[in-house]
Structures are given as structure tokens and as C-alpha cells.
Ligand SMILES: [Zn+2]
């Protein structure tokens, strides 16, 4: 990245990213700021209303509305239930999720896969001041690439021994959400949200 004077486009105070790979961070004034090769811009960040009182931080999560078109699914085993589950999941437009905080790809795709199967919806809440926003390090473009791993992860976990999968993903531009989370060892655990 170019060396830029990192100042909030809204209030001009200096920004101090924790992670050198930062893509989106939140200024003390509450503005969400995205960093890219073209500079600093404000970005819309939505906060998901928590269903619990206690949490430690807000985690960034890309949310897509999309449709996964499976064109070819080859398996080694036969399992009617697994086939039906796959059809049931992908035959409709779905919410698709990609964690945007710093995570190994495998962990991120597992978590994205869990979310895709659970399909949580989020209710917006006002910008809260009670917990820090963890910096996003995944660009929307990379999130789209990660979505492919999310789909693969879900399909590979079925009980019919996936051999090959061909698909394409049709989506809208993702929205960035902040999800309440508790510290869990060296990582984070997402907390329940209002539906
Ligand atoms: Zn600011």
C-alpha cells in the first residue's frame, strides 16, 4: 500500500490501524473508513442488534445476497439425503457470508459455511459505542473468492464423498456488517443476534 497520511475523511483525526492489511476500520468519531489504493473513503457499516447484553467487540462480516448455481456435482458415494440437502440449499437465492476479520482461509470458509446453512438475518441497530470494531482485512473482491471456498466446504462436508463440483455464484455487491462477539481464547465467538 502507498504511504498515506491516514486521516479520517469525516473528522480528520489520525487513524491508527492495528493490522497492516487493514481494509476497513472505525474512527473514534464513529465513521467507518475503507482503505484502498485510491485512498480513504467512508463506507456504510451496519451493526447487527445483539440478542445478548455482554460482548467484547464487533466483528466485520461481508453479507451477499446471491444464488449459487451448481452445474455439476460428482460424488463417490450415493446418498439421497445429501443430494436433496444440496438441492434444497442452493435451489434458492440465499444470504452468503464471508468473515472479514483476520482468519486462516480454512477457518473463514468453515464459519461462512455454518452461516450459509443457518441463514441468520440481522436487524440493524444504531451505531453503538460500547465495544471496539475489529478491523476488516478482506476486500469485497477477496470475499467473493472466499465464497467459493465456503460453497466447497459445505458440499465437501456432506456424507456422499464429493469428488468434483462445478458451480458459479451470482451475487450483489456485499454489505459490511458488524456482529457482536465474545473473546474466545486467541479468537472470537460470534454472539446471537436479534432476528
Ligand atoms: Zn473520524
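The values are calculated or read from the model by the stated rules, or taken from the named source; none is laboratory data. Just so it is clear, the structure is predicted and the values come from calculations on it, not from any experiment. Every residue, glycine among them, receives a Cβ derived from its backbone with ideal geometry; neighbour counts consider all protein chains shown.
Quick one: residue 147 ticks every box in (1) outside any loop (DSSP other than H, G, I, E, B); (2) surrounded by fewer than 18 Cβ atoms within 10 Å (Cβ to Cβ); (3) in contact (Cβ under 8 Å) with a residue 60 or more places away in the chain bar one, so which box is it?
Against the list (1) outside any loop (DSSP other than H, G, I, E, B); (2) surrounded by fewer than 18 Cβ atoms within 10 Å (Cβ to Cβ); (3) in contact (Cβ under 8 Å) with a residue 60 or more places away in the chain, residue 147 comes up short only on (2).
Test residue 130 against the criterion of being over 22 Å from residue 67 (Cα atoms) and without any contact (Cβ under 8 Å) to a residue 12 or more places away in the chain, and give yes or no. Please lay out each step first, then the result.
On the way: over 22 Å from residue 67 (Cα atoms): yes; without any contact (Cβ under 8 Å) to a residue 12 or more places away in the chain: yes.
In short, yes.
May I ask you to list the residues in region 40-90 that are in a loop (DSSP other than H, G, I, E, B), at pLDDT 95 or above and out of contact with any strand residue (DSSP E or B) (no Cβ under 6 Å at 6 or more places or on another chain)?
Scanning region 40-90 gives a single hit, 44.
Starting from residues that are in contact (Cβ under 8 Å) with a residue 24 or more places away in the chain and part of a strand (DSSP E or B), keep the ones in region 1-33 and report whichever is farthest from the ligand (Cβ to nearest atom).
24
Which of the numbered conditions does residue 116 fail, given that it passes all the others? Conditions: (1) surrounded by 13 or more Cβ atoms within 10 Å (Cβ to Cβ); (2) part of a loop (DSSP other than H, G, I, E, B).
(2)
To keep it simple, each residue is scored yes or no on (1) in contact with a strand residue (DSSP E or B) (Cβ under 9 Å, 6 or more places away or on another chain); (2) without any contact (Cβ under 8 Å) to a residue 12 or more places away in the chain; (3) under 19 Å from residue 110 (Cβ atoms).
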| residue | (1), (2), (3) |
| --- | --- |
| 153 | no, no, yes |
| 156 | yes, yes, yes |
| 159 | no, no, yes |
| 166 | yes, no, no |
| 171 | yes, no, no |
| 182 | yes, no, yes |
| 186 | no, yes, yes |
| 191 | yes, no, yes |
| 194 | yes, no, no |
